[in-house]
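Undergrad: Provided herewith is a single structure, encoded as structure tokens, for subsequent inquiry.
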Amino acid sequence: RVAAAGPQDRIVLVMDDFETTAASLEAPTLKPLAKLSRGISLALVVPEKSDIHDWPDFVKALAARRLRVAANGPGSVTGIGAALAAKVAGGTIDPVTSQSTLASFALVADAQVDAAVVTTFDLPLINALTNRAVTPIVTYGAKRAPGLSRTPTLSEGAGNPDLAFTTSVSVYASPQMNQGLARQLTAAIIRAGQTKEAAAAARAANFPLQVE
């Protein structure tokens with residue numbers, strides 16, 4: 001719907017790393033208007049009572065059986081993260097598609113899947129709400145994620161620093177959007193993102209706000 005919008009239609013899409021997802025799905029190109037977050041790392045998490053406690057355990061388990069791993073679809077950023085974990089571990093997963101990151105958290109917290117790929121900034125809130133029902137075994141950034149200093153990165157586990165990647169949340173519009181309207185919307189988004197109300201809402205949601 002956004003891709004098909006006309007030059008004056010004020011319809012936008014807010015999502016994480018559309019460029020990566022679009023490339024993997026051969027989706028139409030959209031016009032970026034503004035970035036809403038700083039870099040967000042992903043995490044591979046398992047149920048708290050799983051027999052998988054760390055990355056070596058994951059590798060061993062995947063060698064022994066196909067693990068069910070939840071993500072937001074094969075073309076999504078988390079889906080790419082799940083496929084990358086399987087490739088690095090040298091095995092094959094059974095991907096389980098969830099409708100959202102929170103849905104992935106629910107699946108892994110209830111032990112309906114063996115693991116899930118989720119965003120790190122959601123982890124503290126989810127574990128607070130579920131009495132630490134999920135355990136991160138690796139994160140995907142170049143460095144260990146803030147608040148998860150005991151959790152190694154995937155690149156550490158694989159011994160390959162080139163595996164690191166992060167995502168971010170941005171606003172996109174139709175490629176046909178009028179340039180003047182696009183500039184107006186970008187300016188409005190940046191002004192809104194710099195307000196005290198936006199900062200307070202981001203803190204309350206544990207969202208890594210950075211509008212530019």
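Undergrad: Have a look at 92, 113, 73 and report the one farthest towards the positive end of the charge dipole of the range 59-129, computed about the Cα centre with Cβ charges (Lys/Arg +1, Asp/Glu -1).
TA: So the residue furthest toward the plus end is 92.
Undergrad: Given H placed on each backbone N at 1.01 Å, which residues far from residue 33 in sequence or on other chains put an amide H within less than 5 Å of it?
TA: For residue 33, whose amide H was placed from the backbone, the distant partners under 5 Å are 171, 172, 173.
Undergrad: Amide H to amide H under 5 Å from residue 164: which residues, 5+ apart in sequence or cross-chain, H placed 1.01 Å off N in plane?
TA: none
Undergrad: State which helices in the chain qualify, where a helix is a whole DSSP H run, it must extend 20 Å or more along its own axis by its Cα atoms, and its mean Kyte-Doolittle hydropathy must be at least 0.0.
TA: Values: long enough: 179-193 (21 Å, 0.42).
The qualifying helices are 179-193.
Undergrad: Could I ask something else about it? Could you work out how much longer the chain between residue 176 and residue 149 gets when fully extended? Use 0.36 nm per residue separation minus the Cα distance between them, nm to one decimal. The partial results should precede the final answer.
TA: On the way: separation 27, 0.36 × 27 = 9.72 nm, distance 4.43 nm.
Additional length available on full extension: 5.3 nm.
Undergrad: Something else: Kindly state, to the nearest 0.05, the FRET efficiency for residue 183 paired with residue 38, given R0 = 30 Å and r defined as their beta-carbon distance. Working shown, then result.
TA: Numbers: r = 23 Å, r/R0 = 0.77.
Efficiency for this residue pair is about 0.85.
Undergrad: Could you point to the residue in 180, 161, 59 farthest towards the positive end of the chain's charge dipole, with +1 and -1 charges on the Cβ of Lys/Arg and Asp/Glu respectively?
TA: Farthest towards the positive pole: 180.
Undergrad: Over the chain, what number does the Rg to Rh ratio reach, with both radii from the alpha-carbon atoms and Rh per Kirkwood?
TA: On the way: Rg = 18.3 Å, Rh = 18.2 Å.
That ratio is 1.01, to two decimals.
Undergrad: Which loop trypsin sites (Lys or Arg not before Pro) in the range 101-207, with loop taken from DSSP, have no more than 13 other Cβ atoms within 10 angstrom of their Cβ? Display every interim value, and only then the final one.
TA: Numbers: sites: 132, 143, 144, 150, 183, 191, 196, 203; in loops: 132, 143, 144, 150.
Here the trypsin sites (Lys or Arg not before Pro) that fit, given the DSSP loop and packing criteria, are 132, 143, 150.
Undergrad: What spacing in nm lies between the two simple spin-label points modelled at residue 4 and residue 194, each 7 Å away from Cα in the Cβ direction?
TA: Distance between label points: 3.8 nm.
Undergrad: Could you report the chain's accessible area per residue, 1.4 Å probe, as an integer in Å²?
TA: On the way: 11040 Å² over 212 residues.
The answer is 52 Å² per residue.
Undergrad: Another question about this same structure. How high is the relative contact order of the chain? Use alpha-carbon pairs under 8 Å, at least six apart in sequence, and give a whole percent. Before the final figure, lay out each step's value.
TA: On the way: 404 pairs, mean separation 72.8, N = 212.
Once divided by the residue count of the chain, the mean separation gives 34 percent.
Undergrad: About the Cα centre, and with charges only on the beta carbon of Lys, Arg (+1) and Asp, Glu (-1), how big is the dipole of the range 49-137? Nearest 20 debye, please.
TA: Working: 7 positive and 7 negative charges, 30 e Å.
Here the range 49-137 has a charge dipole of around 140 debye.
Undergrad: Out of the total accessible area of the range 149-210 (probe 1.4 Å, heavy atoms of protein only), what percent is carbon and sulfur? All intermediate terms of the calculation are to be shown ahead of the outcome.
TA: Working: 1850 of 3520 Å².
Using a 1.4 Å probe with all protein chains present, the range 149-210 comes out at 53 percent carbon and sulfur.
Undergrad: Among the listed pairs 87/143; 143/196; 49/87; 35/60; 31/143, give every one whose C-alpha distance is greater than 27 Å. Show your work: numbers first, answer last.
TA: Numbers: 87/143 21 Å; 143/196 30 Å; 49/87 25 Å; 35/60 39 Å; 31/143 30 Å.
With Cα atoms farther than 27 Å apart: 143/196; 35/60; 31/143.
Undergrad: Separate question: Taking loop as defined by DSSP and a crowding limit of 10 other beta carbons within 10 Å, which trypsin sites (Lys or Arg not before Pro) in the range 43-119 fit?
TA: Numbers: sites: 49, 60, 65, 66, 68, 87; in loops: 49, 65, 66.
Sparse-neighbourhood loop trypsin sites (Lys or Arg not before Pro): 49.
The values are calculated or read from the model by the stated rules, or taken from the named source; none is laboratory data. Model, not experiment: these values are computed from the prediction. Counting neighbours? That spans all protein chains shown, and the Cβs are built from the backbone with ideal geometry, glycine included. Quick note on the areas: whole protein, heavy atoms, side chains included, nothing else; ligands and nucleic acids left out. Shrake-Rupley method; radii C 1.70, N 1.55, O 1.52, S 1.80 Å.
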